[in-house]
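The values are calculated or read from the model by the stated rules, or taken from the named source; none is laboratory data. Note that the coordinates shown come from a computational prediction; the quantities given were computed from them, not determined experimentally. Methodologically, a virtual Cβ is constructed for each residue, glycine included, from the backbone with ideal geometry; neighbour enumeration extends over all protein chains shown.
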Amino acid sequence: MDEMKTIIVIPARYGSTRFPGKPLKPIKGKSLLERTVAIAKAVKNVDNVLVATDDERIASHAQEIGAQAVMTSEKCENGTERVYEAIQNIGYKPDAIINLQGDAVLTPPWIIQAIVDAMNADSSIELATPATQLTWEQYDKLAASKANGAAGGTTVTFDLNHNALYFSKSLIPYLRDKSQPMPPVFRHIGLYGYRHDCLSRYLQLKQTPLESSEKLEQLRALENGIPIKVILVDYKGRSHWAIDSPDDVTIAESIIEKEGELV
C-alpha cells in the first residue's frame, strides 16, 4: 500500500480578467504567491506544497521562493481542475489534497491545519471545508451587504454530525429568534480538502441545478450525494480577506499593518 501523503496545492493563474498577473503582485514587499506559499509551509503534517500554474513566469517565481511548480493546461476552467491536473503529474497519488486558493493571502495557517488534522484523523472524510460562526456584529454587517445586492459571502448549514446540508449566497438559516448570544449562522471559507478519489469523481460530474443557480461549485458535490464535512474554526481576531482586484491589495496591506504578519 502506498504511504499516505497529504499535500497542499495552490492554483495560480496569470490571466485573471479582473487582475492580470495577480500572483506576482507585491503586498507589503512580498508577492501574493510568496505570502500564500509561506502560509501553506507553516502547516504541519503536510508532505509537499505545490504551485499549479499555466504560466512560466509564475512557475519561475514559485521556484525562486522555494515551492515546487507544476505546469498545467491553459484549458483548466477553474482552480479545482488545475489542482487535479497538477497531481496527475507528480509521480505519486496523494491521499489528501488541500486546495488553497492563490489569492487567500490572509488565511491563518491554523485554519488550513484544522482541515489537515481532521482528514488525517478520520479516513472516512471524503471532502472537508472550514466555516466560522458569525458574531451579531458580523451578521448585521453581512446582512446589510446582502441587502445592498452584494454577492460576496457564503453561509453554510450542517447537521448534528457537521455534514453540510446547504451552502448559499443568502444568509441561512432564517432567524426568528435574535435573542441568542451568537447567531447560529456560519460563514463558509473557500478552502477544501479532498481525498484523491473524491476529487476525481467530482470532476467527472456535470454542473447541477443548485450549483448553477447559486454559482457555488460545492453544491455539485451535495447534489450528487457526496458528503462535505464542515470543520468549525476560529480566526482568533484576525481579519479574513482575499485578493480579487487591485483595490483589495490596499485593504490587505492595511490589515497586515494593523494586525501584523501571519507567519
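Which one of these is closer than 19 Å to GLY237 by Cα and either at pLDDT below 95 or of a type outside the set (Lys, Arg) (or both): ALA131, ALA121, ALA144, ALA151? Just one listed residue meets the conditions, ALA131.
Considering only region 250-258, I want to know if a residue exists there that is in contact with a helix residue (DSSP H, G or I) (Cβ under 7 Å, 6 or more places away or on another chain), under 23 Å from PRO11 (Cα atoms), buried (at least 17 other Cβ atoms within 10 Å of the Cβ) and of a type in the set (A, V, I, L, M). Step through it out loud before you land on a result.
Just the residues of region 250-258 that are in contact with a helix residue (DSSP H, G or I) (Cβ under 7 Å, 6 or more places away or on another chain), to begin with: none.
The answer is no; no qualifying residue exists.
Residues considered: ALA12, ALA52, ALA59. Of these, the only one that is without any contact (Cβ under 8 Å) to a residue 24 or more places away in the chain and touching a Ser or Thr at 6+ places or on another chain (Cβ under 8 Å) is ALA59. Can you tell me how many residues in region 27-43 are touching a residue at least 40 places away in the same chain (Cβ under 8 Å) and either loosely packed, with under 12 Cβ neighbours inside 10 Å or assigned to a strand (DSSP E or B) (or both)? Of the residues in that region, 1 qualify.
Answer yes if at least one residue in region 104-114 is more than 19 Å from the chain's Cα centre (by Cα) and either at pLDDT 95 or above or of a type in the set (Gly, Ala, Ser) (or both), and no otherwise. Steps first, please.
Narrowing region 104-114 to residues more than 19 Å from the chain's Cα centre (by Cα): none.
No, because not a single residue in region 104-114 is more than 19 Å from the chain's Cα centre (by Cα) and either at pLDDT 95 or above or of a type in the set (Gly, Ala, Ser) (or both).
Just give me the residues in region 153-206 being among the aliphatic types (A, V, I, L, M) and farther than 23 Å from THR6 by Cβ, in sequence order. Can you show your working first?
Restricting attention to region 153-206, the residues satisfying the condition of being among the aliphatic types (A, V, I, L, M) are 156, 160, 164-165, 171-172, 175, 182, 185, 189, 191, 199, 203, 205.
Passing the criteria: VAL156, LEU160, LEU165, LEU171, ILE172, LEU175, MET182, VAL185, LEU205.
Among the residues making up region 237-262, those that are in a helix (DSSP H, G or I) and either in the same structural domain as ALA131 (by TED's automatic domain parsing) or in contact with a Lys or Arg (Cβ under 9 Å, 6 or more places away or on another chain) (or both) are PRO246, VAL249, ALA252, GLU253, ILE255, ILE256, GLU257, GLU259. The residue that is surrounded by the most Cβ atoms within 10 Å (Cβ to Cβ), counting only those in region 237-249 that are over 14 Å from ILE111 (Cα atoms) and of a type in the set (Gly, Ala, Ser), is ALA242. In region 1-47, what residues are hydrophobic (A, V, I, L, M, F, W, C) and either under 21 Å from LYS258 (Cβ atoms) or not assigned by TED's automatic domain parsing to the domain that holds ILE98 (or both)? Correct list: ILE27, LEU32, ALA38, ILE39, ALA42. Candidates are the residues of region 96-147 that are surrounded by fewer than 19 Cβ atoms within 10 Å (Cβ to Cβ) and among the acidic types (Asp, Glu); the one that is nearest to PRO227 (Cα to Cα) is ASP122.
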